[in-house]
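Report on the structure given below.
The values are calculated or read from the model by the stated rules, or taken from the named source; none is laboratory data. Owing to the predicted nature of the structure, the values given are computational and were not obtained by experimental measurement. Using ideal geometry, Cβ is built from the backbone for each residue, glycine included, and neighbour counts are taken over all protein chains shown. Note: accessible area is taken over every heavy atom of the protein model, side chains too, but ligands, DNA and RNA are not part of it. Shrake-Rupley method; radii C 1.70, N 1.55, O 1.52, S 1.80 Å.
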Amino acid sequence: ASRSWANIANIAQRGSNEKAYVDILLQKAIPLAAKGNDSIRVAVYFMNVALPFMDFKDYDKAIYYFAKSDGIFKRHNAGDLRRADIYINMAKTYILSGHLPQAKESLAAAQTLLQHDTAAVYSPGFYGIKGMYHLHAKEWELAEKSVDTGLALARKSGNRPDVKQLLYQQALLFNQQNDFKSVLKILQQLYQGAYLTTDTDKKQLLHDLAATEANLGNMQGAYNWLLQYSAFSDSLNEQKMRVEIAGLEAKYNLSKKEHQLLIVKNNAKRQRLIAAGSIIGL
C-alpha cells in the first residue's frame, strides 16, 4: 500500500505539485511503510521528502528530514550507499544556506562511504557538489578539478541528470571568472541537448541565458531570451493557479457532498423517530 501511495505522490510531483507530493509521502506512504516495519523504505521516503524543501529553500526542514533518513539507514543498514546520497544532498543544502564548514563535514562523510561505490552511481553527483563547495569557497582550481572528474564519470556512465548538474557547475565556474563566452556555450548545450527535466530548471536556464547575453553586450539576444523567460513564467503561474482552483473546487464539492449526506442522515433519523412514535402510539 505504501508503494501505491508513493506512486501517486510521484504523479503529483511530475505535475509540479510538490506540496501534494510531500503531503502524500508524510501522511500516507511513510505511516504505511512504518506500519509494515519496512524501515528502509521509510528512510528512502524521508530522503525524498527533504529534496523539495531544499529546492524551495526551506533548508532547516530539508536538513531535518535528511537527518531522519540517515538515522534510520544507520540503524538498519549502515553501509547502504544511499547514505552517501543523503550526505551529498545535505552538503548541497548547507552550501546553499551558507554553512560551508558543515558542508565540508557532509562531503567527508559521503567520501568515506563512496569508497565502495565501484559502479560510480553516486560519485558523479559527489564531485558536482564538491565542485560547488570549492566554487563557494573561491577555490577555483579545486572546483575545476572536481567538476572535470565528475563530468568524466557521468559521461562514462551515461547519467544525463549528473551531466546536466556538472555542466551547470562548470558554467557557474566560468561565470565567476567572467568567461561569459564559455558560459553561453555550456548553457546553449544544456538548452539544445534536452537536459532539462523540470519546469524550475527550464525557468532558471532561460533567465541565465538572458543574463549571459547581457554580460556579453548582446542586448538583442538578452531581450529574446527574456521574452521566453517571461512567457514561460506566466504559463507556470497560470498552471499553478489552475491547480489551486481545482483543489478549491474539490474541497467545495467534498464539503457539499458531506452537507447533503448530513441532510439525508437527519431525514432518515427523523423518519425513524416518527415511526417509533407511531408504534408507541399504537
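Couple of notes before you dig in:
- When LYS156, LYS203, LYS164 are screened for being under 26 Å from the mean Cα position of the chain (by Cα) and over 30 Å from ALA119 (Cβ atoms), only LYS203 passes.
- Those residues of region 3-43 which are open to solvent by less than 60 Å² (accessible area, probe 1.4 Å) and aromatic (Phe, Trp, Tyr), in sequence order: TYR21
- For region 13-39, a tally of residues being among the hydrophobic types (A, V, I, L, M, F, W, C) and either touching an Asp or Glu at 6+ places or on another chain (Cβ under 8 Å) or part of a loop (DSSP other than H, G, I, E, B) (or both) returns 0.
Listed here are the residues, each with its yes/no results for (1) of a type in the set (Gly, Ala, Ser); (2) touching a Phe, Trp or Tyr at 6+ places or on another chain (Cβ under 7 Å); (3) over 30 Å from SER233 (Cβ atoms); (4) at pLDDT 90 or above.
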{"site": "GLN13", "(1), (2), (3), (4)": "no, yes, no, no"}
{"site": "ILE24", "(1), (2), (3), (4)": "no, yes, no, no"}
{"site": "LYS28", "(1), (2), (3), (4)": "no, yes, yes, no"}
{"site": "LEU32", "(1), (2), (3), (4)": "no, yes, yes, no"}
{"site": "VAL44", "(1), (2), (3), (4)": "no, no, yes, yes"}
{"site": "ALA50", "(1), (2), (3), (4)": "yes, yes, no, yes"}
{"site": "ASP55", "(1), (2), (3), (4)": "no, no, no, no"}
{"site": "LYS68", "(1), (2), (3), (4)": "no, yes, yes, yes"}
{"site": "ALA78", "(1), (2), (3), (4)": "yes, no, yes, no"}
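- Entry remark, region 44-57: residues being open to solvent by 60 Å² or more (accessible area, probe 1.4 Å) and outside any loop (DSSP other than H, G, I, E, B) number 1 in total.
- Just one of (1) at pLDDT below 85; (2) closer than 25 Å to ALA20 by Cβ fails for GLN204. It is (1).
- Qualifying residue in region 120-138 (condition: farther than 27 Å from GLY79 by Cα and assigned to a loop (DSSP other than H, G, I, E, B)): yes
- Residues in region 6-37 that are touching a helix residue (DSSP H, G or I) at 6+ places or on another chain (Cβ under 7 Å) and under 21 Å from PHE73 (Cβ atoms): ALA6, ALA9, VAL22, LEU25, LEU26, ALA29, ILE30, LEU32, ALA33, ALA34, GLY36.
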